[in-house]
Amino acid sequence: LGVMTGHRDEPLYGKTYLPRKFKIAVTVEGDNSLDLYINDVGLVVLMEEDGVTLKGFNVVVGGGMGRTHKKESTFARAADHLGFVKPDQVVELCKAVLAVQRDHGNREVRANARMKYLVHTLGIHGFRNLVEEYFGEKIAPIEPMKEWKFSDWLGWHDQGDGKMFKGFWVSSGRIRDEDGINVKTALRTLVDELECDVILTPNQNIVVGNIAPESKGRVDEILAENGIVADEKALTPLHEGAIACAALPLCGLAITEAERVLPEYIARVHGLMDKMGLGDTDMIFRMTGCPNGCGRPYMAELGLVGSGPDKYQIWLGGTRELDGTGWPYLDMVPSSDLEATLEPIFALYKMRRKPHEGFGNFCKRAGKAQIAAFAEKYVPGSYKDVVEGKKVIVGQGKNKSLKVDEELHTRIKALAKKNKMSMQQFTTKILMEGIYGMEA
């Protein structure tokens with residue numbers, strides 16, 4: 001099968017363009033700040049142990065966010081792992097993947113024309129076999145990688161050449177001077193005065209780079225003078241990962257608001273979490289005004305997707321590692337019901353999370369059925385009675401456990417071992433002794 005078409009002007013595309021848009025992203029292992037798995041093709045740079053020599057690339061394929069409400073033939077999809085290629089093979093492999101989509105992508109139904117549907121239909125093994133026919137050789141298995149981590153690089157960082165870079169949060173990525181927050185003026189001053197580079201991040205924030213260490217104070221001063229939060233620690237944990245699409249009034253596909261109400265929704269969600277004792281919980285929160293997914297809500301730990309005027313579909317189960325999609329929890333939730341809808345979910349998370357378990361990972365583990373069942377019986381405000389920690393069994397059968405905090409659980413376990421008893425025996429013993437003592 002031929003990768004090149006022979007067309008004089010468009011040797012890869014041929015006489016027509018691809019069926020739909022084709023997105024490619026590149027990152028280094030461990031850094032998933034750009035949402036690698038939402039792309040048609042994702043390349044992960046791998047280095048040799050010396051940290052200098054390029055080893056090659058892990059390649060993922062078949063991601064995409066767009067979907068339509070109540071149309072199950074459309075769906076958000078996270079990319080699959082295709083394999084590993086050496087540095088001199090990566091361009092030819094990308095050409096082969098593109099040629100597969102060019103020749104086999106759906107050109108009849110526009111809603112199913114993205115490459116994610118081809119990968120889904122063939123399965124990753126079938127898709128890999130087809131790519132190998134174009135590529136001309138077998139694709140090596142994926143290489144082991146570091147665990148993914150989300151970071152938007154806010155704050156100060158060493159860029160590795162003796163200079164520094166600084167990331168700062170910008171509401172929905174808008175470069176403007178408004179309401180005392182003068183992002184446009186600040187950038188103009190930074191570039192004119194310090195000749196720094198400016199990078200727009202995939203999370204709608206800004207990084208200014210190539211800054212001499214002695215200029216750090218001046219950068220912070222310029223940002224502060226223009227009303228910009230220069231210290232990322234002053235932001236709530238929701239700010240770093242919060243993004244929204246443009247929605248109303250700029251997008252003709254929008255069903256409801258997103259960008260214009262994002263600051264309000266960050267304040268509302270964080271206010272509820274703070275009231276429930278979860279104010280320091282990191283969470284990737286995203287919202288869009290329609291189901292097309294430009295704000296990437298389907299990967300978020302908490303996603304709001306416009307489903308009607310001032311109504312949203314709530315998505316849960318995405319993780320902070322951004323390596324898979326979540327699932328729709330409730331549809332057509334009025335904006336006024338947001339806190340009441342989220343409270344039981346946060347209460348269950350507070351009660352049953354594992355140590356250091358993020359909100360998204362918890363929802364993924366708990367699943368929709370368990371969360372919905374808990375929410376159905378939940379009494380508003382009862383989160384105040386929730387005890388975080390571990391269970392201690394004190395009897396036989398159902399409902400014979402107590403929940404204690406982590407420190408107390410550790411102490412009971414140590415004392416039980418010291419007294420050569422099981423935790424159940426020891427806990428029952430001290431409870432009975434305590435009760436008899438109080439009754440005497």
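What do you reckon, is residue 297 modelled with pLDDT of 95 or more, of a type outside the set (S, T, N, Q), touching a His at 6+ places or on another chain (Cβ under 7 Å) and surrounded by 21 or more Cβ atoms within 10 Å (Cβ to Cβ)?
So residue 297 fails the test.
Filtering the range 345-364 to residues that are open to solvent by 10 Å² or more (accessible area, probe 1.4 Å) and either small (Gly, Ala, Ser) or touching a helix residue (DSSP H, G or I) at 6+ places or on another chain (Cβ under 9 Å) (or both) leaves 350, 351, 352, 353, 354, 355, 357, 358. Looking across the range 393-428, the residues that are at pLDDT below 75, open to solvent by 70 Å² or more (accessible area, probe 1.4 Å) and either farther than 22 Å from residue 350 by Cβ or among the hydroxyl-bearing types (Ser, Thr, Tyr) (or both) come down to 396, 398, 400. Taking the criterion of being of a type in the set (D, E, K, R), in contact (Cβ under 8 Å) with a residue 12 or more places away in the chain and not in a loop (DSSP other than H, G, I, E, B), the only residue of the range 275-302 that qualifies is 286.
Of the strands (runs of 3 or more DSSP E) lying entirely inside the range 16-121, those containing at least 3 residues that are crowded, with 18+ Cβ neighbours inside 10 Å span 41-47, 54-61, 80-85. Take the residues in the range 300-312 that are crowded, with 16+ Cβ neighbours inside 10 Å and in contact with a helix residue (DSSP H, G or I) (Cβ under 9 Å, 6 or more places away or on another chain); name whichever of them is farthest from residue 203 (Cα to Cα). Selected residue: 311. Restricting the range 261-293 to residues that are among the polar types (S, T, N, Q) and in contact with a Pro (Cβ under 9 Å, 6 or more places away or on another chain), which is modelled with the highest pLDDT? The extreme case among them is 288. Just one of the listed residues (367, 389) is within 33 Å of the chain's Cα centre (by Cα), open to solvent by less than 30 Å² (accessible area, probe 1.4 Å) and at pLDDT below 95, namely 389. Scoring residue 56 on the criteria (1) within 18 Å of the chain's Cα centre (by Cα); (2) modelled with pLDDT of 95 or more; (3) over 30 Å from residue 108 (Cβ atoms) leaves a single failure, condition (1).
Scanning the range 141-162 for any residue that is of a type in the set (Lys, Arg) and farther than 20 Å from residue 25 by Cβ turns up nothing.
For the range 149-169, the criterion of being at pLDDT 95 or above, among the acidic types (Asp, Glu) and over 30 Å from residue 39 (Cβ atoms) is met by no residue.
The residue pairs whose first member lies in the range 318-345 and is at positive phi, whose second member is in a strand (DSSP E or B) and modelled with pLDDT of 95 or more, and whose beta carbons are closer than 9 Å, counting only pairs six or more residues apart or on different chains, are 332/307; 332/308; 332/311; 332/312; 332/313.
Could you tell me how many of the residues in the range 331-375 are assigned to a helix (DSSP H, G or I) and over 16 Å from residue 283 (Cβ atoms)? Number satisfying all stated conditions: 15.
The values are calculated or read from the model by the stated rules, or taken from the named source; none is laboratory data. As the structure is a computational prediction, the values presented were derived from the model and not from experiment. Methodologically, a virtual Cβ is constructed for each residue, glycine included, from the backbone with ideal geometry; neighbour enumeration extends over all protein chains shown. Accessible surface is based on the protein model in full, side chains and every heavy atom, while ligands, DNA and RNA are left aside. Shrake-Rupley method; radii C 1.70, N 1.55, O 1.52, S 1.80 Å.
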